[in-house]
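K.L.:
Pasting in a structure now, in structure tokens, and then I'll have a few things to ask.
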Amino acid sequence: MGWLARLFGTSVTRDVLADLTEDYRAEAAQAAHLRAQADRARYPQMASALRGLAAIEARHATWLRSRLVSLSGAVPELAPNPPVGTNQWQRAVGALHDAQAKRRRLVEQIARWDPDEPEVVELLRRIEGEDARAFPVYDGIIMRSDPQAVD
């Protein structure tokens, strides 16, 4: 529960396991999308950058998975949708938007669980920090991609 909810005496019932499960699914899906994009990349430097981003997201998913297991939570089945877009630029922009939405959700969860779940908050902060440092890589991929090209 966030400090504003405590201040005003309102509470929204949220489950830490549900939040971590949602985060795990998002991280694993992002890693799968980035790996798929790397396999379709035209240039080796793009593929390398995308694989690097996928490795970061896979590491985050591993951290969240182990946290879920330690909290006796069931690890959800994963079935990520294929990346949307007709070319590398559209897929890269979609991946950036997904990463931004994922980061916003992490920031909201950090605020929600800050005093109540310090270990979860520390994990979410670590993930959020790494995600923030990865944004320039997304920008570089987008800038070097041709929005008019067709795969």
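K.L.:
Compute the helix-to-body angle for 44-70: its Cα long axis versus the longest principal axis of the chain, expressed 0 to 90° and rounded to tens.
P.N.:
20 degrees
K.L.:
Okay, next question. Can you give the charge dipole size of the chain about its Cα centre, rounded to the nearest 20 debye, using +1 on the beta carbon of Lys and Arg and -1 on the beta carbon of Asp and Glu?
P.N.:
Numbers: 20 positive and 21 negative charges, 70 e Å.
For the chain, the charge dipole is close to 340 debye.
K.L.:
Kindly rank 29-37, 116-124 from highest to lowest mean number of other beta carbons found within 10 Å of each residue. It would help to have the intermediate numbers written out before the result.
P.N.:
On the way: 29-37: 21.7, 116-124: 16.7.
Highest mean packing first, the order is 29-37, 116-124.
K.L.:
In addition: Rg and Dmax of the chain, using alpha carbons, in Å: what are they?
P.N.:
Using the Cα atoms of the chain, the pair Rg, Dmax is 16.9, 55 Å.
K.L.:
How tilted is helix 88-113 with respect to the longest principal axis of the chain? Cα atoms for both, answer in degrees (0 to 90, nearest 10).
P.N.:
Helix 88-113 sits roughly 10 degrees off the main axis of the chain.
K.L.:
Full extension from Val93 to Arg133: what is 0.36 nm times the residue separation minus their Cα-Cα distance, to one decimal in nm? Mind showing how you got there, number by number?
P.N.:
Working: separation 40, 0.36 × 40 = 14.40 nm, distance 1.69 nm.
Between Val93 and Arg133, full extension yields 12.7 nm more.
K.L.:
Against the globular-protein guess of 2.2 N^0.38 Å, express the Cα radius of gyration of the stretch 72-151 as a ratio, rounded to two decimals. Can you show the working numbers first?
P.N.:
Details: Rg = 16.0 Å, N = 80, 2.2 N^0.38 = 11.6 Å.
Normalised Cα radius of gyration, the stretch 72-151: 1.38.
K.L.:
Separate question: Note down the relative contact order for the chain as a percent, whole number, built from C-alpha pairs under 8 angstrom at least six residues apart. Don't skip to the end; give the middle numbers.
P.N.:
Working: 156 pairs, mean separation 43.7, N = 151.
About 29 percent, as a whole number.
K.L.:
Can you tell me how much longer the chain between Ala47 and Arg125 gets when fully stretched, taken as 0.36 nm per residue apart minus their C-alpha distance, in nm with one decimal? Let's see the in-between values first.
P.N.:
On the way: separation 78, 0.36 × 78 = 28.08 nm, distance 2.76 nm.
Additional length available on full extension: 25.3 nm.
K.L.:
What FRET efficiency, computed as 1/(1 + (r/R0)^6) with R0 = 25 Å and r the Cβ-Cβ distance, is obtained for Glu108 and Val69, rounded to the nearest 0.05? Each step should come with its number before you reach the end.
P.N.:
On the way: r = 24 Å, r/R0 = 0.95.
My answer for the efficiency is 0.55.
K.L.:
Please list Met46, Met143 in order of solvent-accessible area, largest first, computed with a 1.4 Å probe with all protein chains present. Intermediate values should be presented prior to the final figure.
P.N.:
Values: Met46 15, Met143 145 Å².
Listed by decreasing accessible area, they come as Met143, Met46.
K.L.:
OK, next. On a 0 to 90 degree scale, rounded to 10, what angle separates helix 16-40 from the longest Cα axis of the chain?
P.N.:
Roughly 10 degrees between the two axes.
K.L.:
Go through Ala47, Ala79, Ala32 and say which Cα lies farthest out towards the positive end of the charge dipole of the chain; charges sit on Cβ, +1 for Lys and Arg, -1 for Asp and Glu.
P.N.:
In the chain, that residue is Ala47.
K.L.:
Considering only protein heavy atoms, what per residue accessible area in square angstrom results for the stretch 58-131 with a 1.4 angstrom probe? Let's see the in-between values first.
P.N.:
Values: 3970 Å² over 74 residues.
Using a 1.4 Å probe on heavy atoms only, each residue of the stretch 58-131 averages 54 Å².
The values are calculated or read from the model by the stated rules, or taken from the named source; none is laboratory data. Being a predicted model, the structure only gives us computed values, none of them experimental. In this analysis, Cβ positions are derived from the backbone assuming ideal geometry, glycine residues included, and neighbour counts consider all displayed protein chains. These accessible areas exclude ligands, DNA and RNA; they are computed on the full protein's heavy atoms, side chains included. Shrake-Rupley method; radii C 1.70, N 1.55, O 1.52, S 1.80 Å.
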